[in-house]
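Participant: I am attaching a structure below and will ask some questions about it afterwards.
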Amino acid sequence: MADYALIKQELEGIAVEDNPALVRQKSRDFYWYSPVLKAQLDHVTADLVASPKSEEEVIRILKVAYAHGVPVTPRGAGTGNYGQAMPLSGGIVLNMALMNAVKEIKPGRVVCEPGIIMAELDRQTRAHSGQELRFHPSTAQTATIGGFIAGGSGGVGSITWGGLRDLGNILRLRVVTMEAEPRVLELSAWDLQKVSHAYGTNGIITEVEMPLAPAYDWIDVIVGYDSFMEAVKFADGLTHRNGILLKEVAPIAAPIPFDYFTRHKPWLKQGQSVVVLMVAPHSLEPFLAYAQMMKGDIRFRSDTVESMKGIPHAYELAWNHTTLRALKLDTGFTYLQVQYPGPDHVEKVRQMDEMFPGEVFGHLEFIKFNGQIQCAGLPLVRYTSEERLNEIIRLHEENGCPIFNPHRYTLEEGGMKQTDMVQLDFKKETDPKGLLNPGKMIAWENPDFDFASGKNYLFPGLQSMSEA
Ligand SMILES: Cc1cc2nc3c(=O)[nH]c(=O)nc-3n(C[C@H](O)[C@H](O)[C@H](O)COP(=O)(O)OP(=O)(O)OC[C@H]3O[C@@H](n4cnc5c(N)ncnc54)[C@H](O)[C@@H]3O)c2cc1C
């Protein structure tokens, strides 16, 4: 057991918290979204929370933690939903929320600290020069830009710009290493893949440079259809028209919208599936012409509603907010993350939609993927057991629809189910003792793990904590 009294002394001048209730609060994220992760991670807590205000303080904390052999798990706002920010071996939670300064805004780019909330970053770049982030997760009002880069993938705006993995969607990161003498590295271009979506396992991001797009007063629109597949075809046709500028396109199957989109309910029709959209003001007229041609039932428009007071942004009905809204009113739901590879993505959606009536409810996000418009799925699932969930996953995969499993806390099992050599090699360089966010990168913990075995990885440190 590390000497935390001594560690606190050595961190004098830096904000630290060791009240167990407060530490536990900052040791949790949205892991409880998954009934599987909830059971596995409920007991997880750190020993100390340290909240640096500058890169110098980050370096001091990492130096002390390294000397004591104490794990460090970075945290933005804790909105990740795979337990990404949970300290599986205890130790220090590095709360990055106080590092939230915007340093420079220029045409097409912004430089900022990682702890800034994305909606606040957008407010500042809009006020400065009418620019905004190219895309953001649906948690923009609460999540940090650093947490998005280290733990997220894409979101609102990805229909035009793709995701974080696309070259050019992050410009530069400053990263501090976990060594006896921490180094500060500047990464750009291909090197960004070393730390983006690595859950903070191989470096602490202390500065971010992101590309910007022109900001618009996006108009929220909800279009209704009597069947989910009509909604999907509308969305697919719309997103393949070149001239209409959209920021969000999400078909969602009945009964989810009417039953769970409480604030929009007065505008929705029972039994209808919907498409949730954000449309640029100058594209509204052509958009409406297309909707009319496709016999879409325009249920809601933020530009014609009397007041938007108390009504959430359209994007807060989409991405993982769809799941959140259903879960808030009915804890019997969980969800999956599905790829429907093109060009026959619409046919694949139809096949999967027909396979699980009353059990799996369609929710798609249209995005640009490798230059093509495709759809990814976040379908809601009526949860009965882990066995049935695994069966639903298997049936998707057997039908050519790969699943990114949101019920796993490791990078590999939630992703491509294979070792990411670039991230692993970088970790060898930057975190030789394996102290950064332990348990999240299987390739580090157990290089011989056989992903084809069908077994789930259980991090030994997690087990010993539950036995303690
Ligand atoms: C309702 C809901 C909707 C969501 N919608 C989306 C979505 O549309 N798109 C999407 O991609 N995700 C989505 N997510 C997941 C999550 O919100 C996003 O990934 C979010 O951007 C995470 O930001 P955060 O500040 O909360 O990060 P956290 O959850 O605190 O951290 C995320 C990961 O980043 C690491 N980390 C944090 N800061 C740093 C740093 N400075 N340096 C190194 N590592 C760091 C953490 O250790 C953790 O592994 C959603 C989640 C919820 C609950």
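Participant: Output the residues belonging to region 186-215 that are near the ligand (Cβ under 10 Å from one of its atoms) and either more than 17 Å from residue 423 (Cβ to Cβ) or in contact with a strand residue (DSSP E or B) (Cβ under 7 Å, 6 or more places away or on another chain) (or both).
Facilitator: Those that are near the ligand (Cβ under 10 Å from one of its atoms) and either more than 17 Å from residue 423 (Cβ to Cβ) or in contact with a strand residue (DSSP E or B) (Cβ under 7 Å, 6 or more places away or on another chain) (or both): 195, 200, 201, 202, 203, 204, 205, 206, 207, 208.
Participant: When you go through (1) under 30 Å from residue 214 (Cα atoms); (2) of a type in the set (A, V, I, L, M); (3) not in a loop (DSSP other than H, G, I, E, B) one by one for residue 93, which number turns out not to apply?
Facilitator: With respect to (1) under 30 Å from residue 214 (Cα atoms); (2) of a type in the set (A, V, I, L, M); (3) not in a loop (DSSP other than H, G, I, E, B), residue 93 is out only on (1).
Participant: Let me ask something else about it. Residues being surrounded by 22 or more Cβ atoms within 10 Å (Cβ to Cβ) and either of a type in the set (Gly, Ala, Ser) or under 24 Å from residue 160 (Cα atoms) (or both): count how many of those fall in region 257-286.
Facilitator: 7
Participant: May I ask you to verify whether residue 185 is aliphatic (A, V, I, L, M) and surrounded by fewer than 24 Cβ atoms within 10 Å (Cβ to Cβ)?
Facilitator: Values: aliphatic (A, V, I, L, M): yes; surrounded by fewer than 24 Cβ atoms within 10 Å (Cβ to Cβ): yes.
So residue 185 fits the description; yes.
Participant: Can I ask one more? Which one of 406, 460, 447 is in contact (Cβ under 8 Å) with a residue 60 or more places away in the chain and either under 19 Å from residue 40 (Cα atoms) or out of contact with any Lys or Arg (no Cβ under 7 Å at 6 or more places or on another chain) (or both)?
Facilitator: Numbers: 460 fails: in contact (Cβ under 8 Å) with a residue 60 or more places away in the chain; 447 fails: in contact (Cβ under 8 Å) with a residue 60 or more places away in the chain.
Exactly one of 406, 460, 447 is in contact (Cβ under 8 Å) with a residue 60 or more places away in the chain and either under 19 Å from residue 40 (Cα atoms) or out of contact with any Lys or Arg (no Cβ under 7 Å at 6 or more places or on another chain) (or both), namely 406.
Participant: Can you go through 159, 205 and tell me which one is closer than 21 Å to residue 443 by Cβ and not assigned by TED's automatic domain parsing to the domain that holds residue 58? Talk me through it step by step, then tell me what you get.
Facilitator: Values: 159 fails: closer than 21 Å to residue 443 by Cβ.
Every option except 205 fails the conditions.
Participant: Of all the residues that make up region 18-58, how many are buried (at least 19 other Cβ atoms within 10 Å of the Cβ), more than 11 Å from the ligand (Cβ to nearest atom) and of a type in the set (A, V, I, L, M, F, W, C)?
Facilitator: Selection size over region 18-58: 9.
Participant: Okay, moving on. Looking only at residues in region 310-333 that are in contact (Cβ under 8 Å) with a residue 60 or more places away in the chain and touching a helix residue (DSSP H, G or I) at 6+ places or on another chain (Cβ under 6 Å), which one is nearest to the ligand (Cβ to nearest atom)?
Facilitator: Filtering first and then ranking leaves 325.
Participant: Given the options 289, 254, name the one that is of a type in the set (A, V, I, L, M, F, W, C) and buried (at least 17 other Cβ atoms within 10 Å of the Cβ). Before the answer, list the steps.
Facilitator: Working: 289 fails: buried (at least 17 other Cβ atoms within 10 Å of the Cβ).
Every option except 254 fails the conditions.
Participant: Counting residues that are basic (Lys, Arg), which helices (runs of 4 or more DSSP H) fully inside region 108-171 reach at least 2? Don't jump to the end; show me each part of the working.
Facilitator: Working: elements: 118-129, 145-151, 158-161.
Counting at least 2 such residues, we get 118-129.
Participant: Just wondering, is there one or more residues in region 229-251 that are of a type in the set (Asp, Glu), under 20 Å from residue 292 (Cα atoms) and within 16 Å of the ligand (Cβ to nearest atom)?
Facilitator: Initially, region 229-251 is screened for residues of a type in the set (Asp, Glu), giving 230, 236, 248.
Checking which are under 20 Å from residue 292 (Cα atoms) leaves us with 230, 236, 248.
Next cut, within 16 Å of the ligand (Cβ to nearest atom) only: 248.
Yes, the conditions are met somewhere in region 229-251.
Participant: Still on this structure, I have one more. Within region 135-155, can one find any residue that is away from the ligand (no atom under 12 Å from the Cβ), buried (at least 16 other Cβ atoms within 10 Å of the Cβ) and over 27 Å from residue 242 (Cβ atoms)? Don't jump to the end; show me each part of the working.
Facilitator: Going residue by residue through region 135-155, those that are away from the ligand (no atom under 12 Å from the Cβ) are none.
Looking for residues that are away from the ligand (no atom under 12 Å from the Cβ), buried (at least 16 other Cβ atoms within 10 Å of the Cβ) and over 27 Å from residue 242 (Cβ atoms), one finds none in region 135-155, hence no.
Participant: Only residues that are in contact (Cβ under 8 Å) with a residue 60 or more places away in the chain and either farther than 26 Å from residue 85 by Cβ or crowded, with 20+ Cβ neighbours inside 10 Å (or both): list them for region 188-198, please. Can you show your working first?
Facilitator: Of region 188-198, the ones in contact (Cβ under 8 Å) with a residue 60 or more places away in the chain are 193-195, 197-198.
Across region 188-198, the qualifying residues are 194, 195, 197, 198.
Participant: Next question, about the same structure. Please go through (1) buried (at least 18 other Cβ atoms within 10 Å of the Cβ); (2) within 21 Å of residue 60 (Cα to Cα); (3) more than 15 Å from the ligand (Cβ to nearest atom) for residue 180 and return the number of the only condition it doesn't satisfy.
Facilitator: In the conditions (1) buried (at least 18 other Cβ atoms within 10 Å of the Cβ); (2) within 21 Å of residue 60 (Cα to Cα); (3) more than 15 Å from the ligand (Cβ to nearest atom), residue 180 misses (1) alone.
Participant: Let me ask you something else. Could you check how many residues of region 3-25 are under 32 Å from the mean Cα position of the chain (by Cα) and among the hydroxyl-bearing types (Ser, Thr, Tyr)? Spell out the reasoning first.
Facilitator: Step one: filter region 3-25 for residues under 32 Å from the mean Cα position of the chain (by Cα), giving 11, 14-25.
From what's left, among the hydroxyl-bearing types (Ser, Thr, Tyr): none.
Summing the residues that are under 32 Å from the mean Cα position of the chain (by Cα) and among the hydroxyl-bearing types (Ser, Thr, Tyr) in region 3-25 gives 0.
Participant: Related question: Please verify whether region 61-74 includes one or more residues that are farther than 15 Å from residue 169 by Cα, hydrophobic (A, V, I, L, M, F, W, C), surrounded by fewer than 22 Cβ atoms within 10 Å (Cβ to Cβ) and near the ligand (Cβ under 9 Å from one of its atoms).
Facilitator: no
The values are calculated or read from the model by the stated rules, or taken from the named source; none is laboratory data. The shown structure was predicted, so the numbers you read here are calculated from the model rather than taken from an experiment. Note: ideal-geometry Cβ built from the backbone for every residue, glycine included; neighbour counts use all protein chains shown.
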